[in-house]
Amino acid sequence: MALQIAYTAEALATGDGRNGHTQTADGTISLDLASPQEMGGSGNGANPEQLFAAGYAACFHGALRKVAGQEGADTTDSSVGAKVSIGKNDEGGFGLAVTLEVVLPHVSQEQAEDLAQKAHKVCPYSNATRGNIEVELLVSDD
């Protein structure tokens, strides 16, 4: 299945990877990077996991609102939080795990869970990570 590209984002990382700088080609994002203290860094900058969490949360929320809108569900006050964890894997490298916290306060728990599952099938981040990392969906009304 060929991808019909609608948009391409471009960013450059310089310095020492996790302890450097990243900037998008258009300059919209320009951040100093630092490893978190939990990983032996200074914590005085953003890290890739934070950037991934922000992107995944925003993307998933967009997918959620799209599928909810198609079903006429109320997305007022809805939100999606993402927690991205990093740790050593069994192969000697590192891996990620994600928890998505979906809040849809104006629909039933059953409908919210159904919409979250449908969004998980639509969201490009979910499609990119499926089968590669663990993604847990938590759905609540607050």
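The values are calculated or read from the model by the stated rules, or taken from the named source; none is laboratory data. The structure presented is a predicted model; accordingly, all values stated were derived computationally and were not measured. Every residue, glycine among them, receives a Cβ derived from its backbone with ideal geometry; neighbour counts consider all protein chains shown. Please note that ligands, DNA and RNA were not included when accessible areas were found on the heavy atoms of the full protein model with its side chains. Shrake-Rupley method; radii C 1.70, N 1.55, O 1.52, S 1.80 Å.
When the label point is put 7 Å from the Cα of VAL122 along its Cα-to-beta-carbon vector, which residues of the range 67-111 have a backbone N closer than 13 Å?
So the set is 67-75.
Rolling a 1.4 Å sphere over the protein heavy atoms, what is the accessible area per residue of the range 37-134, to the nearest Å²?
57 Å²
Which net charge results for the neighbourhood of VAL122, defined as the other residues with beta-carbon distances under 14 angstrom from its beta-carbon, given Lys and Arg at +1 and Asp and Glu at -1?
Around VAL122, the charge tally is +3.
Tell me what the chain gives for mean residue ellipticity at 222 nm when only DSSP H runs of n ≥ 4 count, each as -39,500 (n - 2.57), the sum divided by the residue total, rounded to 500 deg cm²/dmol.
The per-residue figure over the chain is -10000 deg cm²/dmol.
Compute the long axis of helix 109-122 from its Cα atoms, compare it with the longest principal axis of the Cα atoms of the chain, and write down the angle in degrees, 0 to 90, nearest 10.
The two axes meet at around 50 degrees.
Given that just one value was derived from the coordinates, which of (i) 16.8; (ii) 15.9; (iii) 15.2 is Kirkwood radius over Cα pairs in Å?
For Kirkwood radius over Cα pairs in Å, the calculated option is (i).
Points 7 angstrom from Cα along the Cβ direction at THR99 and MET39: gap in nanometres?
According to this spin-label approximation, the distance is 1.9 nm.
If packing is taken as the average count of other Cβ atoms within 10 Å, what order do 82-91, 27-36 fall into, highest mean first?
27-36, 82-91
Contour minus end-to-end for THR76 and LEU138, with contour as 0.36 nm per residue of separation and end-to-end as the Cα-Cα distance?
20.5 nm
For the chain, build the charge dipole from Cβ charges (+1 Lys, Arg; -1 Asp, Glu) around the Cα centre, then report which of ALA9, VAL80, ILE29 sits farthest towards its positive end.
ALA9
Determine, from the Cβ-Cβ distance of ASP26 and ASP90 and an R0 of 41 Å, the FRET efficiency 1/(1 + (r/R0)^6), rounded to the nearest 0.05.
0.55
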